[in-house]
1. Does A:Ser142 meet the test of being outside any helix (DSSP H, G or I) and away from DNA strand D (no atom under 13 Å from the Cβ)?
2. Which of the residues belonging to the range B:122-177 are within 23 Å of the chain's Cα centre (by Cα) and open to solvent by 60 Å² or more (accessible area, probe 1.4 Å)?
3. Counting only residues that are more than 14 Å from DNA strand D (Cβ to nearest atom) and in contact with a helix residue (DSSP H, G or I) (Cβ under 6 Å, 6 or more places away or on another chain), how many does the range A:91-118 have?
4. If I ask for residues that are within 14 Å of B:Phe64 (Cα to Cα), more than 11 Å from chain A (Cβ to nearest Cβ) and among the charged types (D, E, K, R), which ones from the range B:128-154 would you list?
5. Give the residues of the range B:159-173 that are part of a helix (DSSP H, G or I) and more than 7 Å from every other protein chain (Cβ to nearest Cβ), sorted by residue number.
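The values are calculated or read from the model by the stated rules, or taken from the named source; none is laboratory data. Computed from a prediction, not measured in an experiment: that's the story for all the values here. With ideal geometry, Cβ positions are generated from the backbone for all residues, glycine too; neighbour counts draw on all protein chains shown. Remember, those area values only see protein heavy atoms, side chains included, never the ligands or the DNA or RNA. Shrake-Rupley method; radii C 1.70, N 1.55, O 1.52, S 1.80 Å.
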There are 2 protein chains.
Amino acid sequence: MTRNSQAPRIAKSRAGIRPRPGRTRSGNGNAHNDLMNGEIGLDALAGHAGYAVRRFQIWIFQDFIRTLGAVDIRPTQYSVMTVIGANPGLSQMAVAKRLGIERARLVHLLDSLEQRDLVSRVKSATDRRSHALHLTPRGKASLAQFKRLAAEHERHVAEKIGKDNREQLLRILSAFT
Amino acid sequence: MTRNSQAPRIAKSRAGIRPRPGRTRSGNGNAHNDLMNGEIGLDALAGHAGYAVRRFQIWIFQDFIRTLGAVDIRPTQYSVMTVIGANPGLSQMAVAKRLGIERARLVHLLDSLEQRDLVSRVKSATDRRSHALHLTPRGKASLAQFKRLAAEHERHVAEKIGKDNREQLLRILSAFT
DNA sequence: AACAATTGTTGTCGTCAACAACAATCTTCC
DNA sequence: GGAAGATTGTTGTTGACGACAACAATTGTT
């Protein structure tokens with residue numbers, strides 16, 4: 001990979017979107033095109049929670065990936081390590097269920113984390129089908145650093161939408177955690 | 001960016017990934033203990049806006065897709081049609097920028113919508129490189145129906161998180177639209 | 001012991017974002 | 001006026017991610 005894709009490269013923001021350098025003529029019936037002043041309306045989209053949430057989530061993930069770019073940890077990896085760290089010995093099935101991840105997907109995530117010596121799969125003594133997941137010593141130390149960086153990312157969120165708004169957001173969406 | 005990360009050459013040949021360390025201790029005597037009470041803590045994850053937003057976005061998209069399943073319209077398709085409907089004559093580049101979609105991705109989206117006779121690409125007279133996007137008559141009629149279904153979806157959101165909370169959410173995230 | 005369910009794993013398919021390269025076509029600058 | 005550079009739509013590749021299906025090993029259930 002070497003390239004994690006999704007590196008944000010925050011927009012260059014250049015000039016506004018000019019609809020067309022030339023004239024946007026071609027007299028179509030619609031005369032009220034706000035395109036002339038460079039504004040592109042969203043119409044009904046502005047009232048849809050899903051659209052705003054999607055855009056916000058993209059922004060948040062990009063900031064998270066950038067803030068934790070130095071340690072090469074993505075949001076999903078962070079969530080897996082956090083849950084394992086707080087609940088040592090969990091099975092892969094339990095982690096997958098708790099985080100809403102497919103267990104097939106978790107296999108690859110753990111392969112990666114295990115190769116980096118952050119997580120270890122210990123054969124369960126009580127159920128030889130399953131693995132008891134633990135953080136390695138290196139994983140524990142790393143997670144502490146990840147959490148510091150994640151807290152920094154969270155501060156970025158607070159700066160972006162406001163401290164109070166962030167707390168309201170967490171309260172409103174607390175049912176989804 | 002600039003991530004060296006790990007090599008992807010795992011591919012097949014699974015087998016010996018587990019280092020099988022001689023970790024004698026690590027009290028594996030109680031492997032699946034924490035599962036017994038069914039409670040799995042999220043630890044720091046509970047305080048991360050990104051995690052809650054991601055889970056919420058998954059829920060919202062699923063409800064949107066289900067609610068508009070009868071007409072086979074997905075959120076991104078709906079957003080494209082809404083913007084074109086509100087701003088006829090836009091170029092693909094302008095739509096892509098406004099919605100934060102890659103223009104390469106928009107090509108396929110428009111291919112699909114054009115095949116269904118919902119959107120038409122009209123060769124621009126002023127810039128022969130670009131296409132002026134319009135809704136077809138069928139597209140306009142369909143969009144009206146889509147909007148009714150989308151409004152129903154929005155009511156589901158209000159039921160899920162509460163009417164007032166939904167409005168606060170829209171207000172908090174208004175900067176991202 | 002026979003049968004059903006669970007766990008981890010592998011594999012496939014489809015969606016989606018980020019990039020790179022390209023032809024056709026402006027735009028700009030000399 | 002014409003060469004050089006930028007833009008638009010397009011195709012293709014890569015990687016992250018979710019949904020499923022199939023499988024071996026191992027429970028559990030009867």
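1. On the way: outside any helix (DSSP H, G or I): no; away from DNA strand D (no atom under 13 Å from the Cβ): yes.
Criteria not met by A:Ser142.
2. If the condition is that a residue be within 23 Å of the chain's Cα centre (by Cα) and open to solvent by 60 Å² or more (accessible area, probe 1.4 Å), then B:Gln145, B:Lys147, B:Arg148, B:Glu152, B:Arg155, B:Glu159, B:Lys160, B:Lys163, B:Glu167, B:Arg171, B:Ser174, B:Ala175 are the ones that fit.
3. Looking only at the range A:91-118, we keep the residues that are more than 14 Å from DNA strand D (Cβ to nearest atom), and these are A:94, A:114, A:117-118.
Imposing the further condition that a residue be in contact with a helix residue (DSSP H, G or I) (Cβ under 6 Å, 6 or more places away or on another chain) reduces the set to A:117-118.
So the count comes out to 2.
4. Within the range B:128-154, just B:Glu152 meets the criteria.
5. Taking the range B:159-173 as the starting set, the residues that turn out to be part of a helix (DSSP H, G or I) are B:159-161, B:163-172.
Matches in the range B:159-173: B:Glu159, B:Lys160, B:Lys163, B:Asp164, B:Glu167, B:Arg171.
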